[in-house]
1. For the protein assembly as shown, rounded, prolate or oblate, judged on the Cα gyration tensor with a ≥ b ≥ c (square roots of eigenvalues), a/c < 1.5 rounded, else prolate if a/b > b/c?
2. Among A:Met27, B:Met48, what is the fewest-to-most ranking by other Cβ atoms within 10 Å?
3. Give, in nm to one decimal, the length gained when the segment between B:Ser8 and B:Asn53 is fully stretched (0.36 nm per residue of separation minus the Cα-Cα distance).
4. With a/c under 1.5 counting as rounded, go ahead and sort the range A:1-47 into rounded, prolate or oblate using the C-alpha gyration tensor (a ≥ b ≥ c being the square roots of the eigenvalues; past the cut-off, prolate if a/b is larger than b/c, else oblate).
5. Residue by residue through B:41-47, how many Cβ atoms from other chains fall within 10 Å of the Cβ on average?
6. Cross-link list B:Lys56/B:Lys93; A:Lys18/A:Lys69; A:Lys69/B:Lys56: which exceed 30 angstrom alpha carbon to alpha carbon?
7. Under a crude label model (7 Å from the Cα following the beta-carbon direction), how far is A:Thr20 from A:Leu111 in nanometres?
8. Which residues in the range B:42-66 have a backbone N closer than 11 Å to a point placed 7 Å from the Cα of B:Arg77 along the Cα-to-Cβ line?
Amino acid sequence: EAQVTQNPRYLITVTGKKLTVTCSQNMNHEYMSWYRQDPGLGLRQIYYSMNVEVTDKGDVPEGYKVSRKEKRNFPLILESPSPNQTSLYFCASRVGAGEQFFGPGTRLTVL
Amino acid sequence: QKEVEQNSGPLSVPEGAIASLNCTYSDRGSQSFFWYRQYSGKSPELIMFIYSNGDKEDGRFTAQLNKASQYVSLLIRDSQPSDSATYLCAAVKSRSGNTPLVFGKGTRLSVIA
């Protein structure tokens, strides 16, 4: 089944404790991206990647890192999480300008 | 200036009516347009995409694009309570796909039984 997977789905952590949210797609898509979604603010892009070893900042990259060592994986790293990073996070992938597929989401709470 | 704008709603329509959702975009270079539906706490799912001026129909859904007016709309005929969700409009600049998909903040639709 074609899909984007994210792990974990839910995470409660404390300020400053490094964490990684994994994202993997099995559709051989070149383009992958991370979004955060907050009430009233819609989907905001954090980082995106057009291919292996090619990443670029989105609208809200501060406090986040990403890497794209393999085509299928695009992990999101929070080196020192803060409460303002509490949010619902989505990973997505697409090929060309076609349909963008979203992962199921990761609900992160930083205390 | 926001690149893709939508009325946040809520838009309330009775069951069986036509729901009309609207979206405007500021970048004339935008090439392709997408409508996603998102239920609360769930991930967005694609309903329709449109590239060319005019109408595109798929079942109960019709997408309309007017590039001269920089306007995209989604019509939902015979609205059902299960259509109650937030609808996200998105635009992408490049047909080759090497530019980000820009989303509006979404319009919340409520279909009243």
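1. Working: a/c = 1.96, a/b = 1.47, b/c = 1.33.
Because a/c hits 1.5 or more and a/b exceeds b/c, the protein assembly as shown counts as prolate.
2. On the way: A:Met27 13, B:Met48 17.
If I rank by nearby Cβ atoms, fewest first, I get A:Met27, B:Met48.
3. Values: separation 45, 0.36 × 45 = 16.20 nm, distance 2.46 nm.
In short, 13.7 nm is gained.
4. Details: a/c = 2.12, a/b = 1.37, b/c = 1.55.
Note, shape of the range A:1-47 comes out oblate.
5. Numbers: counts 5, 4, 13, 9, 3, 6, 0.
That average works out to 6.
6. Over 30 Å Cα-Cα: A:Lys69/B:Lys56.
7. A separation of 2.5 nm, rounded to one decimal place.
8. B:57-62
Quick note: the coordinates plus some simple rules give every number you see, no bench work behind them. Quick caveat: nothing in here was measured; it's all calculated off a predicted structure. Reconstructed Cβ throughout: ideal geometry from the backbone, glycine too, with neighbour counts over all protein chains shown.
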